[in-house]
1. Based on what the data block shows, is residue 207 under 24 Å from residue 87 (Cα atoms) and either open to solvent by 30 Å² or more (accessible area, probe 1.4 Å) or aromatic (Phe, Trp, Tyr) (or both)?
2. For region 178-204, which positions are over 18 Å from residue 427 (Cβ atoms) and either modelled with pLDDT under 90 or part of a strand (DSSP E or B) (or both)?
3. Which residues, taken from region 133-153, are open to solvent by 10 Å² or more (accessible area, probe 1.4 Å) and farther than 18 Å from residue 388 by Cα?
4. When residue 309 is evaluated against the numbered criteria (1) more than 30 Å from residue 60 (Cα to Cα); (2) within 19 Å of the chain's Cα centre (by Cα); (3) surrounded by fewer than 24 Cβ atoms within 10 Å (Cβ to Cβ); (4) at pLDDT below 95, which criterion, by number, is the only one it fails?
5. Within region 201-210, is even one residue under 26 Å from residue 78 (Cα atoms) and in contact with a Phe, Trp or Tyr (Cβ under 8 Å, 6 or more places away or on another chain)?
6. For residues in region 19-34 being of a type outside the set (D, E, K, R) and farther than 14 Å from residue 211 by Cβ, which is most open to solvent (accessible area, probe 1.4 Å)?
7. What are the residues in region 383-403 that are over 16 Å from the mean Cα position of the chain (by Cα), outside any helix (DSSP H, G or I) and surrounded by 21 or more Cβ atoms within 10 Å (Cβ to Cβ), if any?
8. As an exercise: evaluate residue 197 against (1) surrounded by fewer than 22 Cβ atoms within 10 Å (Cβ to Cβ); (2) over 16 Å from residue 361 (Cβ atoms); (3) in contact with a strand residue (DSSP E or B) (Cβ under 8 Å, 6 or more places away or on another chain) and give the number of the one condition it does not meet.
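The values are calculated or read from the model by the stated rules, or taken from the named source; none is laboratory data. Owing to the predicted nature of the structure, the values given are computational and were not obtained by experimental measurement. Backbone-built Cβ (ideal geometry, glycine too); neighbour counts: all protein chains shown. Ligands, DNA and RNA are excluded from the accessible area calculation, which covers all protein heavy atoms including side chains. Shrake-Rupley method; radii C 1.70, N 1.55, O 1.52, S 1.80 Å.
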Amino acid sequence: MKLYSTNNPDLSVDFKEAVFNSMPQDKGLYMPDTIRPLDPEFINNIEMCSLEQIAFKVASHLLDDAIPADDLKAIVAEAINFPAPVVKLDDDTYVLELFHGPSLAFKDFGARFMSRVMGYFMEEGEKTLNVLVATSGDTGGAVALGFLGVPNTQVTILYPKGKVSLIQELQLTTNGQNIRAVEVEGTFDDCQALVKQAFTDKDLNEKFRLTSANSINIARLIPQTFYYFNAYAQLKREGKTDIIFSVPSGNFGNIGAGLLAWKMGLPVKQFIAATNINDTVPQFLETGVYTPKPSVATLSNAMDVGNPSNWVRIMDLFKEDAEALKKVVTAYSYDDSQTADAVNVVFEDYQYVVCPHTAIAWMATGQYRYDSRDNMSTAVFLATAHPCKFPDVYQGPIKDSIVIPDQVQNLLDKPKQAVQIGADFDAFKNYLLES
């Protein structure tokens with residue numbers, strides 16, 4: 001497998017280098033040199049395959065010969081060891097539950113796969129791998145649990161002070177061992193900017209072996225394609241093949257993975273990018289002008305991204321052709337009041353509890369159906385996190401119906417361990433050099 005930078009198509013690196021370097025020095029993002037369609041026979045018979053079988057098939061196809069088949073099969077079996085069920089709400093509406101992993105969020109797919117790929121590629125005697133991560137909510141917990149105890153690794157997680165939920169904060173600040181948390185006086189965009197600048201800093205790169213576990217790392221994106229194929233397989237068993245996906249979108253890695261799956265031959269009629277009021281992408285699709293802006297805190301905090309990194313990958317998939325992209329991707333945005341209302345409506349109509357991110361995807365599904373007059377397709381909206389991670393969102397019968405998993409109960413008795421810094425690079429750089 002060869003990859004290039006979105007800023008330099010002539011650059012060519014192998015998968016191992018892309019995984020460990022995370023981001024090219026030209027500040028682009030790595031993309032596969034070629035994206036070949038999967039064998040039509042596999043797609044036509046995908047309903048006969050398990051999630052693990054699908055994950056291995058997709059990974060081996062995309063990675064080509066980067067990892068031998070037996071080793072890759074073992075990585076997939078260990079990393080993707082939890083379900084991702086499609087749950088029926090009505091005849092034409094389903095929710096894809098992606099919160100059954102250890103951190104109760106969809107990012108377990110990427111974090112667990114990536115940590116094991118890195119562990120596979122690391123050789124005895126090599127310099128400690130320093131993993132830098134910016135999180136707006138769920139990434140930190142998934143990465144922390146994915147890398148906890150992995151030999152020869154040090155993970156540093158940056159998160160915006162006061163802008164993640166209590167459970168999310170505990171998931172990334174109570175681990176100890178090789179996991180450390182940095183609480184930043186700023187936004188997620190500030191955290192993300194600090195991580196990106198670190199990768200291009202000469203002093204840090206001379207002293208440390210740096211990589212990222214954010215969705216800027218291609219090893220995070222690849223395993224997120226698995227659950228799109230698996231959702232299609234589950235629906236195909238029920239005779240449904242005319243599918244639209246509604247995806248809660250913040251840094252746009254999740255929907256980027258869906259579009260990568262589509263490029264590989266997954267039959268998807270439409271993707272819907274559902275955002276909160278951090279609506280840089282919906283505004284771009286409406287006006288044709290891409291204008292990053294400071295992120296704003298919302299109930300759906302994991303989507304509080306004003307300058308989504310993975311958008312460059314999506315534009316690259318469509319060769320910068322916005323009109324071609326708009327034929328496949330529709331986008332809508334919603335505020336907190338609408339989000340809270342949607343949580344209540346979904347519970348009243350279906351006795352089903354959605355997290356605030358999932359509520360936005362559900363609203364976008366209905367709006368797309370109304371705007372397109374499409375009442376024939378099967379809509380699947382993605383449930384990206386367990387509702388227990390957002391206790392302040394719910395009241396009354398909804399709150400009472402939420403079952404708190406044991407791993408969350410156990411967090412409440414652990415002390416928080418975090419270092420506080422301002423949102424300036426010198427402070428972060430000094431922390432890394434001195435700690």
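1. Judged against the criteria, residue 207 is not a match.
2. 179, the sole residue that qualifies.
3. Correct list: 148, 149, 150, 151, 152, 153.
4. (1)
5. yes
6. 34
7. Of everything in region 383-403, those that are over 16 Å from the mean Cα position of the chain (by Cα), outside any helix (DSSP H, G or I) and surrounded by 21 or more Cβ atoms within 10 Å (Cβ to Cβ) turn out to be 390, 394.
8. Of (1) surrounded by fewer than 22 Cβ atoms within 10 Å (Cβ to Cβ); (2) over 16 Å from residue 361 (Cβ atoms); (3) in contact with a strand residue (DSSP E or B) (Cβ under 8 Å, 6 or more places away or on another chain), only one is false for residue 197: (3).
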